[in-house]
């Protein structure tokens, strides 16, 4: 039975429902459509030699053996097709034969090496060692002995200092400061080995006056290099004899980078070494050096569990270790080893060019097809690293100086009308197999109306925001180093 009460309730329900469904006048206003997007997918360059800081193949000048044909021999190998840097590993006595007389000022061979590297587009790298064992000349200058430093006579009847001797430390510190004054320049120097003690400067087999002094000595040498080289990356061998806690301190507290000199050697590159890489990569890059094989001998035929049969076998295992160890750098080494690499294993040399170090490129860029002046817009960009290594932009010497930038270029002059930097995109975060995506919100759009070329680059903010890192992109950048991606219209 329908009652007045029921009719009232039904009326209330209907009016409430209709009121809820009704739209306000504002709700009928047309919403602004999303801008039509332009999607760019640049093609990567996966094969060419790319030269960037702290990556690639190195050639060596080892143990101070002045060779007037040095560059002639390497040029015959067309070394510019493969190498990115020249590593000079000399004794202290060669760098400073007498007190205050430095080879970079007076030694014709070192000057020739430095100039020749520059002419060939190669950067420099250094190790200074002081221990004379296994060498036929004294690695420490005679003036240090004359000053009263204490040491030992080694297996070649040559003197080596106790690394905890105060006189040695005082003189060596003075040299390192002069050395850094000349070579702490990241434009020309890729890295410096910041230890140089022990056999071959690798940090092992050290003989001290008192073993209780080890920690003091260790902190002294690490602090010395860390404090004097403020712009160039500094490395230390991750050798088991040094101990993990000491190495961790150098890496984590002093921003040292990892290095090991026994890649390809089954007896010396084991779990400790692999675990050190796992502990510190990708925060720290890795420098790899092949074992102490010497081309023309047969050490590897009886000294390694891999049972190598040929030099190619040696190089194949070395490369395998280096790629698994996430190496930025590997050595072609001296002329004999470099010749063997290039002649017996050219495909392996090419493989490290393609996969070693970091190989960065933008895999996708999305932006509005048409940009309105004085209106905010977004650029979405995706980056990838085709190499197994890392760009160490996070370390204190580089201090995040490399940044991603987009430039609106005048199509006629190439001048920059607007430069936009994404301060949140860090190349140090890009690892092989993982695409990194960013959204750059441009809120202050004061680009004058007109037609532009949209270009991008990885700039160096310490050098006026000029493009600084070479990208793994097909084609070529413009004369100023910018990669032009697309035509863009600003209304």
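Brief remarks on what is shown
- Acute angle (nearest 10 degrees) that the helix 244-254 long axis makes with the longest principal axis of the chain, alpha-carbon atoms: 60 degrees
- Degrees separating the helix 271-280 axis from the principal Cα axis of the chain, which is the longest one: 40 degrees
- Sequence of 413, 228, 439 once ranked by neighbouring C-beta atoms within 10 Å, starting from the fewest: 413, 439, 228
- From helices alone, the chain scores -8500 deg cm²/dmol at 222 nm; the rule is -39500 (n - 2.57) for each run of n ≥ 4 DSSP H residues, then divide by the residue total.
- Distance from segment 336-398 to segment 91-127 (C-alpha centre basis), Å: 31 Å
- Sorted by Cβ neighbour density within 10 Å, fewest at the top, the residues 249, 341, 90: 249, 90, 341
- Degrees between helix 4-21 axis and first principal axis of the chain (Cα, 0 to 90, nearest 10): 50 degrees
- The value of relative contact order for the chain, using C-alpha pairs under 8 Å at least six residues apart, is 14 percent.
- Fewest-first ranking of 274, 284, 312, using other Cβ atoms within 10 Å as the exposure measure: 274, 312, 284
- Summarising the strand pairing of the chain, around 60 percent of its internal DSSP beta bridges are antiparallel.
- Our summary gives segment 361-472 a relative contact order of 33 percent, counting only alpha carbon pairs under 8 angstrom and 6 or more residues apart.
Just so you know, all these numbers are worked out from the coordinates, no wet-lab data involved. All values reported here derive from a predicted model rather than from experimental measurement. Positions of Cβ are generated from backbone atoms using ideal geometry, with glycine treated the same way; all protein chains shown enter the neighbour counts.
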